[in-house]
Amino acid sequence: MSIRHGLLALLERGPRYGSQLRTEFESRTGSTWPLNVGQVYTTLSRLERDGMVAQDGEDAAGHALYAITDSGRAELRAWFEKPVDRTSPARDELAIKLAMAVGAPNVDIRDVIQSQRHHTVKAMQDYTRLKAQALVTVENGGAQERDDVAWLLVLEQLIFQTEAEARWLDHCESRLIRLSATAARTTTTTDTRTTPAAPAPAAPAPATPPAAGAR
């Protein structure tokens, strides 16, 4: 997640101080990705070093204010215009967990999938409930409507994400069942081919003809 670009977007609305930026960032995203003040000021220091923000005096309470510069605006425009890069996807803990669970001793990957599915479905239900509340707030309007709409969009992304995760977990379970069945058939076929055939019964010896003159 690009915290620096998020802060630049907030600063484009006017000078802000660190705690104010943190509050507005969390309000805009519904505290989905909480920040701490130290993280905000560290990012501001780097942006100031890179010439994207500059200190702009103090407010009435003595808070140091930061303002976006022309370089910061250019960086922000480029960020909005450039698609999010998917060639190097972020590490996904669930995908890594299932990958490591394959063949791990004393681990039933089906139990791992079932446990995650239960959690994912509950999260989807929670997000759906929050979405319903957010829709009511947006429809009623108000001074914070922009933040409410932003939070609604974040919630809908989380819902789509959890729905996709639930479908992927179902797919993983089906895939494992098919692979297990294929392995079982292969083992049975191999055992049949490698089992030595039972020896054929010996043909009965031909009858000895009676001696000449025998009765």
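The values are calculated or read from the model by the stated rules, or taken from the named source; none is laboratory data. Remember, predicted model here, so these are calculated numbers, not experimental data. Cβ placement follows ideal geometry from the backbone for every residue including glycine, while neighbour counts extend to all protein chains displayed.
One line per residue, one yes/no per condition, for (1) surrounded by fewer than 14 Cβ atoms within 10 Å (Cβ to Cβ); (2) in contact with a Lys or Arg (Cβ under 8 Å, 6 or more places away or on another chain):
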| position | (1), (2) |
| --- | --- |
| 59 | yes, no |
| 65 | no, yes |
| 113 | no, no |
| 118 | yes, no |
| 140 | yes, no |
| 157 | yes, no |
How many residues are assigned to a helix (DSSP H, G or I), without any contact (Cβ under 8 Å) to a residue 40 or more places away in the chain and under 25 Å from the mean Cα position of the chain (by Cα) if we restrict to the stretch 1-23? 2
Test for residue 109: is it among the hydrophobic types (A, V, I, L, M, F, W, C) and touching a Cys at 6+ places or on another chain (Cβ under 9 Å): yes
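Mind checking which residues of the stretch 55-66 are in contact with an Asp or Glu (Cβ under 8 Å, 6 or more places away or on another chain) and either assigned to a loop (DSSP other than H, G, I, E, B) or without any contact (Cβ under 8 Å) to a residue 40 or more places away in the chain (or both)? So that I can check it myself, show each step before the final result.
Taking the stretch 55-66 and keeping what is in contact with an Asp or Glu (Cβ under 8 Å, 6 or more places away or on another chain), we get 55, 64-66.
Across the stretch 55-66, the qualifying residue is only 55.
Let me confirm something: among 112, 107, 149, 138, which residue is in a helix (DSSP H, G or I) and more than 28 Å from residue 26 (Cβ to Cβ)? Break it down into steps so the answer makes sense when it comes.
On the way: 107 fails: in a helix (DSSP H, G or I); 149 fails: more than 28 Å from residue 26 (Cβ to Cβ); 138 fails: more than 28 Å from residue 26 (Cβ to Cβ).
After applying the criteria, what remains is 112.
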Scan of the stretch 67-101 for residues that are under 19 Å from the mean Cα position of the chain (by Cα), among the hydrophobic types (A, V, I, L, M, F, W, C) and outside any helix (DSSP H, G or I), ordered by number: 84, 90
Filtered residue count, the stretch 31-54, keeping only those that are surrounded by fewer than 18 Cβ atoms within 10 Å (Cβ to Cβ) and in contact (Cβ under 8 Å) with a residue 12 or more places away in the chain: 11
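Residues are listed down the side, and each one gets a yes or a no for (1) modelled with pLDDT of 95 or more; (2) surrounded by fewer than 16 Cβ atoms within 10 Å (Cβ to Cβ):
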position: 133; (1), (2): no, yes
position: 143; (1), (2): no, yes
position: 147; (1), (2): no, no
position: 160; (1), (2): yes, yes
position: 164; (1), (2): yes, yes
position: 171; (1), (2): yes, yes
position: 176; (1), (2): no, yes
position: 179; (1), (2): no, yes
position: 183; (1), (2): no, yes
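Residues are listed down the side, and each one gets a yes or a no for (1) under 30 Å from residue 165 (Cα atoms); (2) basic (Lys, Arg); (3) touching a residue at least 40 places away in the same chain (Cβ under 8 Å):
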site	(1), (2), (3)
68	no, no, yes
73	no, yes, yes
78	no, no, no
85	yes, no, no
98	yes, no, yes
111	yes, no, no
118	yes, no, no
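Which residues, counting only those in the stretch 98-111, are exposed (fewer than 15 other Cβ atoms within 10 Å of the Cβ) and within 20 Å of residue 173 (Cβ to Cβ)?
Of the residues in the stretch 98-111, the ones exposed (fewer than 15 other Cβ atoms within 10 Å of the Cβ) are 99-100, 102-108, 110-111.
Of everything in the stretch 98-111, those that are exposed (fewer than 15 other Cβ atoms within 10 Å of the Cβ) and within 20 Å of residue 173 (Cβ to Cβ) turn out to be 99, 100, 102, 103, 104, 106, 107, 108, 110, 111.
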